[in-house]
Every structure is written in C-alpha cells, then in structure tokens.
1. List pairs: first residue in the range 25-40 and farther than 8 Å from residue 82 by Cβ, second residue exposed (fewer than 14 other Cβ atoms within 10 Å of the Cβ) and among the hydroxyl-bearing types (Ser, Thr, Tyr) anywhere in the structure, Cβ distance under 9 angstrom, at least six positions apart or on different chains.
2. Quick one: in the range 106-134, of everything that is among the β-branched types (Val, Ile, Thr) and farther than 12 Å from residue 5 by Cα, which residue is modelled with the highest pLDDT?
3. Of all residues in the range 18-36, how many are over 18 Å from the mean Cα position of the chain (by Cα) and modelled with pLDDT under 70?
4. Provide a single number: the residues in the range 55-90 that are touching a residue at least 24 places away in the same chain (Cβ under 8 Å) and more than 17 Å from residue 41 (Cα to Cα).
5. Would you point out which residue out of 33, 78, 74, 29 is assigned to a helix (DSSP H, G or I), closer than 18 Å to residue 4 by Cα and of a type in the set (Val, Ile, Thr)?
6. Has the range 97-105 got at least one residue that is more than 16 Å from the chain's Cα centre (by Cα), at pLDDT 80 or above, small (Gly, Ala, Ser) and not in a helix (DSSP H, G or I)?
7. State which residue is surrounded by the fewest Cβ atoms within 10 Å (Cβ to Cβ) when the search covers only the range 96-114 and only residues that are farther than 18 Å from residue 85 by Cβ and touching a residue at least 24 places away in the same chain (Cβ under 8 Å).
Amino acid sequence: MLCTLDPVMNTFLFTGGLLRWNTFNYWLVLVAVIFGRLLVGRSDFPNRMLQLVAALLCLEVLVSPDWYRGLQDVAGVVAAFGLVVYYVRASTESAAWYWLGLVCGTTAAAGGVAFFAQQASLPMSIPTLGPSCR
C-alpha cells in the first residue's frame, strides 16, 4: 500500500520539510540496511547493475554542486534495494503475489476515486487532470 500511496502522500499529506520527499525512501533504505546480507549474496545481473548505479551516483554526489538533491537521488536508488528485499522474501509464495495485486489495485482504485472526488477543492499549484491532459 505504501508503494501505491507514496506519490499521493508526498503531495497531499507531507507538505513540507524533510518528510515531504523521503518518507517512504527512509523505510526502504532501513529495510535494505537490515537485510544487507541478503542483497550482497545476490549475484544476478540486474542486482549488480543496480549496485553499480548506486555506487556511481554516490561518487557523483561528492563532486556535485547540489549535493542535497544528489542525496535525495541516492536515497531513491538505494530504496530500490528495499523493494528487492521484499520481493525476494515473497518470491516463493504465490498467495503473496495474489494479495499484493489485490491490495495495491484496490488501494489505487480507492485513492483515484478520492482524488477525483476532491479535485475541485485542491489548490491550483497541484497538477490535476484538466482538459489538456486527457
């Protein structure tokens, strides 16, 4: 549910400060750190490429003039490792995949209905689906 609702939470619930952009990323980075042995033990090509991209991004932050934005990018890439942990741990159970689709699909449908029901009362600075976007 957090993956499904993260963009909505960032826009409407966490409207300022440090939590605005990194709320869900903090959780996934923590999961990746806790299960680091599981990630290091995986030697498949996509995992190694993601590790390489994360390492290169960390090196680029050192020479970047905007290191704050670079750290947010690093948190976003490292958060992908947290998702890998969840998927690896659930990969052997077919019921987990069924419920993942059911819960995320239902959450997205309910969130979409709530968004469109409240669209007229949203501030104009938040992008909405107007006639030009359809």
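1. none
2. 113
3. 0
4. 5
5. From the options 33, 78, 74, 29, the qualifying one is 29.
6. No, every residue in the range 97-105 fails to be more than 16 Å from the chain's Cα centre (by Cα), at pLDDT 80 or above, small (Gly, Ala, Ser) and not in a helix (DSSP H, G or I).
7. Going through the qualifying residues, I end up with 103.
Yes/no matrix, rows are residues, columns are (1) at pLDDT below 90; (2) over 17 Å from the mean Cα position of the chain (by Cα); (3) part of a helix (DSSP H, G or I):
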| site | (1), (2), (3) |
| --- | --- |
| 4 | yes, no, yes |
| 38 | yes, yes, yes |
| 46 | yes, yes, yes |
| 53 | no, no, yes |
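The values are calculated or read from the model by the stated rules, or taken from the named source; none is laboratory data. As the structure is a computational prediction, the values presented were derived from the model and not from experiment. All Cβ positions, glycine included, derive from the backbone under ideal geometry; neighbour counts span all protein chains shown.
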